[in-house]
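A.B. asks: Pasting a structure here, questions to come.
The values are calculated or read from the model by the stated rules, or taken from the named source; none is laboratory data. Computed from a prediction, not measured in an experiment: that's the story for all the values here. Cβ atoms come from the backbone with ideal geometry, glycine included; neighbour counts cover every protein chain shown. Heavy atoms of the whole protein, side chains included, go into the accessibility calculation; ligands, DNA and RNA do not. Shrake-Rupley method; radii C 1.70, N 1.55, O 1.52, S 1.80 Å.
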Amino acid sequence: MNLTDYKDVYVFAEQREGKIQNVALELLGKARELADANQEKVVAMLLGKHVRENAQELIAAGADEVLVVDHDLLAEYLTEPYTQAITQIIKERKPSIMLIGATTIGRDLGPRVSARNVTGLTADATKLEISDDEAHEFRMTRPAFGGNLMATILCKDHRPQMSTVRPGVMQKLPADPDRKGTVVDFKVDFDEKKISRVKIVKTVKEEKTVADISQAKVLVSGGRGVGSKEGFAKLETLAKELGGEVASSRAMVDAGVMEQSRQVGQTGKTVRPSLYLACGISGAIQHLAGMEESDLIIAINKDKFAPIFSVADLGIVGDLHKIVPLLTERLKSLQK
Amino acid sequence: MNIVVCIKQVPDTTEVKINPQTGTLIREGVPSIMNPDDKGGLEFALQLKDKFGAHVTVITMGLPQAEAILREALAMGVDRAILLTDRKLGGADTLATSSAIAGALRTMDFDLVITGRQAIDGDTAQVGPQIAEHLDLPQVSYMEDLQYNESTKTFTIRKQTEEGYQILEVQAPCVVTALASAVSPRYMRVNGIVTAYDKEVEVWGADRIQVPEERIGKAGSPTSVYKAFPKQLKPAGETHEVTPEEAVELIVNKLKEKHII
Ligand SMILES: Cc1cc2nc3c(=O)[nH]c(=O)nc-3n(C[C@H](O)[C@H](O)[C@H](O)COP(=O)(O)OP(=O)(O)OC[C@H]3O[C@@H](n4cnc5c(N)ncnc54)[C@H](O)[C@@H]3O)c2cc1C
Ligand SMILES: Cc1cc2nc3c(=O)[nH]c(=O)nc-3n(C[C@H](O)[C@H](O)[C@H](O)COP(=O)(O)OP(=O)(O)OC[C@H]3O[C@@H](n4cnc5c(N)ncnc54)[C@H](O)[C@@H]3O)c2cc1C
């Protein structure tokens, strides 16, 4: 493998039902920075059926070029056709770096692609950078051991250097509708026999509206200290007052009080809101892993030794059941 | 039906501590357990054994002490246990790990391979799909439930997604990655615990799997850990023990200061 043949930063532009996923836009923002450090291009890979019209959105978010693979076999995500398409792109275009969102789709696709192309894949990086020494090395830093340890990973002799990144970790650029870029139709020769081994019988969206807490500017988050659905109703009113969403620790998800889509942490979502208000959350390392990058963290807990206070900008030792309603009232009166 | 379940021995990460001086993991006194998702996967396999009389094999790659989780699996009711252990396999990233395990699987007869979705120490969720790729088999990750249709030799699998779930029909043989939360694993049976120590754990070296040396261990790993360090927590702010009214004042002032309100 001649490493100098490989260049540019490629981003998997995940779409669902024709809607570009936020994580793809976030990755384009990061890719822009990485590509600029090496004077390279940002290329978005847009796979699907009737998705060409989404190309401009990707350019506005930082892409220089959009490769569109439009095909019936790509209408709904399946491992094999998507892997074949990305593999053909790698073979023909030789990307240096490839970023994929760590969604249920990206985490299914990434390892399959890395194994087919015999290259390395860093899981769920939280920091991506080009070293500022001569080597211009691509360094991917990620948490492991349940968030207890950070590791910086290199992929020295194989290309592309792949990484998945969880939604909410990188920041998208403000969309620039005037940005110029090229849109290229990319043809893929599919091996349909391999594809036919898996069939989608049905795809079910659960009725409940799935809040995307990773996009919220304000999160009022509750843990076991909140205790019940009634307790969360109080947080809900406070969150409304602040224009935010309610989030939860895993304890309350496991207890069936909150839905999994609102869970923050290692096995939930990574969030980075302007305000994270933690109510009755002890601050286990697996929870901190998902929220400690928030701009402002305020914690209310009745135990002054709760570990959540070690990451809070403002810690209040007290009873959330008293403080939360009072705070809501106070904010309401300020509005007037 | 033959099923192979890949299980990994992991430190219980809820108990892991970091040595603040050296920045390394303190492993002493940290209990080793069977990775939770793998235990879930094993339960699915044992349910197929109950229903169809499937023959269940567990395999782990690791240090000799990983035998402990194989014994646990035997006590839960599996038929065969394999420990793949060799210095040559050490220092592997996910690609080299999956190459070695796929090599072992290639020597066996199976209709279904189950892995956990994710190991709680390495935390990558990559090994399952990579095994599937090396074996050129279809994969379904995030499996919450599966049914076997004997007449068509297919599996009907429920896969978790962000928005809900998907039902997929997959030809055997295939690879699935299981979620621990989808099922409650059975306990070891008392007579199982006794017989677990009579049963043999097969110990395989790298020579058994016929994978070229440049594909396993450190040599077969495209990624390397350049450095590892304990997570830096940002310095803590102020903490106040005050009345609810004072608390509200403090919070409101902070929100104003940061232009949240
Ligand atoms: C592999 C693994 C992955 C995990 N992933 C996650 C994850 O993604 N997200 C996650 O959150 N957890 C995760 N966990 C679980 C985690 O370890 C903790 O168990 C969990 O975060 C605890 O939730 P909690 O803080 O709500 O509950 P507790 O730890 O029980 O804390 C409740 C807190 O509420 C306080 N409190 C009680 N009453 C009041 C009151 N009236 N007013 C004020 N404070 C009060 C108490 O002082 C206490 O600090 C994971 C665990 C494992 C092993
Ligand atoms: C700090 C740190 C960071 C790392 N980061 C990366 C990285 O970003 N990319 C990378 O390629 N490697 C990485 N590695 C190496 C990686 O952790 C090892 O290769 C590990 O053996 C497999 O990865 P995992 O634990 O993440 O397993 P996962 O891929 O999460 O495991 C999924 C499933 O595969 C099966 N499985 C996994 N390992 C075994 C085994 N030994 N025996 C039997 N079944 C098994 C189990 O069923 C398991 O549930 C890292 C290692 C460390 C110490």
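A.B. asks: Using a probe radius of 1.4 Å on heavy atoms only, what accessible surface per residue do you get for the range A:213-334? Whole Å² is fine.
C.D. replies: Normalised by residue count, the accessible surface of the range A:213-334 is 37 Å².
A.B. asks: Restricting to lysine pairs 8 or more places apart or on different chains, what number in the range B:1-145 have Cα atoms under 23 Å apart?
C.D. replies: Lysine pairs meeting both conditions in the range B:1-145 amount to 6.
A.B. asks: Right, next: At a 1.4 Å probe, what is the % contribution of carbon and sulfur to the accessible area of the range B:1-132?
C.D. replies: Answer for the range B:1-132: carbon and sulfur cover 48 percent of the accessible area.
A.B. asks: Just to confirm the number: angle between the C-alpha axis of helix B:244-257 and the first principal axis of chain B, 0 to 90 degrees, nearest 10?
C.D. replies: The angle comes out near 90 degrees.
A.B. asks: Between A:Lys202, A:Lys194, A:Lys127, find the one with the highest GNM mean-square fluctuation for chain A; connect C-alpha pairs within less than 10 Å.
C.D. replies: A:Lys202
A.B. asks: So what's the net charge close to B:Glu133: Lys and Arg +1, Asp and Glu -1, counting the other residues with Cβ under 12 Å from its Cβ?
C.D. replies: 0
A.B. asks: Here's something else I'd like to know. Please determine, in degrees from 0 to 90 and to the nearest 10, the orientation of helix A:106-116 with respect to the longest principal axis defined by the Cα atoms of chain A, where the helix direction is its Cα long axis.
C.D. replies: The answer is roughly 30 degrees.
A.B. asks: OK, next. Counting only C-alpha contacts under 8 Å and six or more residues apart, can you give the relative contact order of the range A:3-195 as a whole percent?
C.D. replies: That works out to 28 percent.
A.B. asks: Do any chymotrypsin sites (Phe, Trp or Tyr not before Pro) in the range B:141-227 lie in a loop, going by DSSP, with at most 16 other beta-carbon atoms within 10 Å of their beta carbon, and if so which?
C.D. replies: Filter output for the range B:141-227: B:Tyr187, B:Tyr197.
A.B. asks: For the range A:210-336, just say rounded, prolate or oblate: build the C-alpha gyration tensor, square-root its eigenvalues into a ≥ b ≥ c, call rounded for a/c under 1.5, and beyond that prolate if a/b exceeds b/c, oblate if not.
C.D. replies: Verdict is rounded for the range A:210-336.
A.B. asks: What's the center-to-center distance, using Cα atoms, between the range B:103-134 and the range A:18-36 in Å?
C.D. replies: 30 Å
A.B. asks: Is the shape of the protein assembly as shown rounded, prolate or oblate, going by the alpha carbon gyration tensor and its root eigenvalues a ≥ b ≥ c, with a/c under 1.5 for rounded and a/b larger than b/c for prolate?
C.D. replies: It comes out oblate by the Cα gyration axes.
A.B. asks: Then there is this: Mind checking which of B:Leu137, B:Leu46, B:Leu70 has the largest fluctuation in a GNM of chain B, springs on alpha carbons under 10 Å?
C.D. replies: The residue that fluctuates most here is B:Leu137.
A.B. asks: Here is a further query. Does the range B:42-148 come out rounded, prolate or oblate by the C-alpha gyration tensor, with a ≥ b ≥ c the root eigenvalues, rounded set by a/c under 1.5 and, if not, prolate when a/b is larger than b/c and oblate if not?
C.D. replies: Because a/c hits 1.5 or more and a/b fails to exceed b/c, the range B:42-148 counts as oblate.
A.B. asks: Related question: Within the range A:3-195, what whole-number % of the accessible surface is contributed by carbon and sulfur, with the 1.4 Å probe and all protein chains included in the calculation? It would help to have the intermediate numbers written out before the result.
C.D. replies: Numbers: 3440 of 7180 Å².
Solvent-exposed carbon and sulfur of the range A:3-195 make up 48 percent of the total.
A.B. asks: Here is a follow-up. Give me the Å³ per residue figure for the convex hull around the C-alpha atoms of the range A:3-195.
C.D. replies: Measuring per residue, one finds 116 Å³ for the Cα hull of the range A:3-195.
A.B. asks: Further question on the same structure: Roughly how much accessible area, to the nearest 100 Å², goes out of reach of solvent when A and B pair up, both sides summed, probe 1.4 Å?
C.D. replies: 7100 Å²
A.B. asks: Another question about this same structure. How far is helix B:94-106 tilted, in degrees, relative to the longest principal axis of the Cα atoms in chain B, given as a value from 0 to 90 rounded to the nearest 10?
C.D. replies: For helix B:94-106, the angle is close to 20 degrees.
A.B. asks: Can you compute the charge dipole magnitude of the protein assembly as shown about its Cα centre, using +1 on each Lys and Arg Cβ and -1 on each Asp and Glu Cβ, nothing else charged? Give it in debye, rounded to the nearest 20.
C.D. replies: Its charge dipole is roughly 400 debye.
A.B. asks: What does the extension gain come out to for B:Asp79 and B:Leu250, with contour length at 0.36 nm per residue minus their alpha carbon separation?
C.D. replies: Difference between extended and current length: 55.3 nm.
A.B. asks: Using a Gaussian network model on chain B with a 10 Å cutoff between Cα atoms, which of B:Ile167, B:Ile251, B:Ile101 fluctuates the most?
C.D. replies: The residue with the greatest mean-square fluctuation here is B:Ile251.
A.B. asks: Give me the lysines in straight-line cross-link reach of A:Lys304: C-alpha distance below 19 Å, same-chain residues under 8 apart excluded.
C.D. replies: Candidates past the 8-residue exclusion: A:Lys322, B:Lys234.
A.B. asks: Dipole of the protein assembly as shown (Lys/Arg Cβ +1, Asp/Glu Cβ -1, origin at the Cα centre): which of A:Asn148, A:Ala278, A:Gly181 lies farthest to the positive side?
C.D. replies: Projecting each Cα onto the dipole axis, the largest value belongs to A:Ala278.
A.B. asks: Output needed for the range A:284-336: three equivalent-ellipsoid semi-axes, defined as square roots of 5 times the C-alpha gyration tensor eigenvalues, in descending order, whole Å.
C.D. replies: Semi-axes (√(5λ), whole Å): 24, 14, 8.
A.B. asks: Hand me the GluC sites (Glu not before Pro) from the range A:83-142 located in a DSSP loop with no more than 13 other Cβ atoms within 10 Å, in residue order please.
C.D. replies: A:Glu134
A.B. asks: Across all directions of projection, what mean area in square nanometres is found for the Cα convex hull of chain A?
C.D. replies: Projected area, direction-averaged: 19.5 nm².
A.B. asks: Right, next: Please report, in debye to the nearest 20, how large the charge dipole of the range A:3-195 is about its Cα centre when each Lys and Arg carries +1 at its beta carbon and each Asp and Glu carries -1 there.
C.D. replies: Charge dipole, the range A:3-195, about its Cα centre: 420 debye, nearest 20.
A.B. asks: Counting only heavy atoms of protein chains, what accessible area per residue, in Å², does the range A:3-195 have with a probe of 1.4 Å?
C.D. replies: 37 Å²
A.B. asks: Net charge within 15 Å of A:His321 by Cβ-Cβ distance, Lys/Arg positive one each and Asp/Glu negative one each, not counting A:His321 itself? Write out the running numbers ahead of the final one.
C.D. replies: Numbers: positive: A:Arg224, A:Lys229, A:Lys234, A:Lys302, A:Lys322; negative: A:Glu230, A:Glu236, A:Asp303, A:Asp319, A:Glu329, B:Glu245.
Net charge around A:His321: -1.
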